[in-house]
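Below is one structure, written out as structure tokens, with a few remarks after it.
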Amino acid sequence: MSKNHRWTVTMILWVIFFVTMPVAAQEQEALLVGSLKGRNIGQATERLIQAINSNNFTFVRFQDVDDRLVPPGWKAKSVRIVYFCNFELMSKALALDTRTSEFLPCRITLIETAQGVDMIAVNPAWVSARLGNHRLHEYCVQMKKDYQSIMEEAAL
Amino acid sequence: MKHSCAILVLAWALTAQASPLTTSIGADMSGAIDELTIAAQNSGYQLVKVQPVDKALVKRGFPDPGLRILFIGKPSSFEQAIRTNPRLLSVLPLRLTLIVEEGGVVVSSDDLEMWKEMFPDPETGKLIDSWQRELKVILGEVSGY
């Protein structure tokens, strides 16, 4: 293959890469959603922490959504954020791209409703598809599966 | 070759991605956190939490990424989010990422343009725009504009 041909092939591959990344992003849902029917927020937190631990992640902390923003007596008890992490995965992902911090540490937001508790998380694969880093995206697709697995286990 | 380059530039333009707000502070990490805390307070925000990702990783034997995350918030943001689109609660409180670089600390906000894509309805978009304006003021203040 001549030098000119090699250059052309490289350019075409780049074009394919940049055109297909947004397509991959469109295939991803922006939010991952689950629900725990008939539970209150305390029970949901407990079940979620168990699921986090059994999926090889470390529970970091939880906070009510307006924690430290309003006096303790005024807190909205119906929305809580649960933070967790897999430190090895976090270290590798940050080494690949510091923009990973956009979705670190991992978090699931719990919202209590009349039917139970909804779990919502930003899909890391949706974010990484927009960052345009193919290697990071591979990690994030796995991370998305981990989120889904944690949510499914918590909902059982 | 010229054609290939043109195609590449076009593809790049078509897929151009929004980027987060960024600035740099000529201080060490704790100095930068102090400056941001004051700037946030001047815009009605409070520091909710500093997530010391660097310390957490080093403690476990991983390389130091020189990175911490600041969570800032104000009660009205949550009230607006609940009223406008409760799913917005999945991205609050607002976050600022601090990364140590030579000569100071680079600060980046979350990419709020991406959130507008995530929540495409106009009402939510307006709310996100207002948060983005406030973040611009906060970052502008620490960068001395």
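Note on the stretch A:129-143: residues that are within 11 Å of chain B (Cβ to nearest Cβ) and within 13 Å of the chain's Cα centre (by Cα) total 1. Do we find that residue A:148 is modelled with pLDDT under 95 and surrounded by fewer than 18 Cβ atoms within 10 Å (Cβ to Cβ) in this structure? The answer is no for residue A:148.
Count of the stretch B:53-85 residues, restricted to those that are free of Cβ contacts under 8 Å to residues at least 12 places away in the same chain and farther than 24 Å from residue B:40 by Cα, is 9. Listed by first and then second residue, the pairs linking a residue in the stretch B:124-140 that is over 18 Å from residue B:97 (Cβ atoms) to a residue that is among the β-branched types (Val, Ile, Thr) and open to solvent by 10 Å² or more (accessible area, probe 1.4 Å), with Cβ atoms under 6 Å apart and 6 or more places separating them unless they lie on different chains, are B:124/B:84; B:127/B:84.
The values are calculated or read from the model by the stated rules, or taken from the named source; none is laboratory data. Computed from a predicted structure; not experimentally measured. All Cβ positions, even for glycine, are placed from backbone atoms using ideal geometry, and neighbour counts span all protein chains on display. Quick note on the areas: whole protein, heavy atoms, side chains included, nothing else; ligands and nucleic acids left out. Shrake-Rupley method; radii C 1.70, N 1.55, O 1.52, S 1.80 Å.
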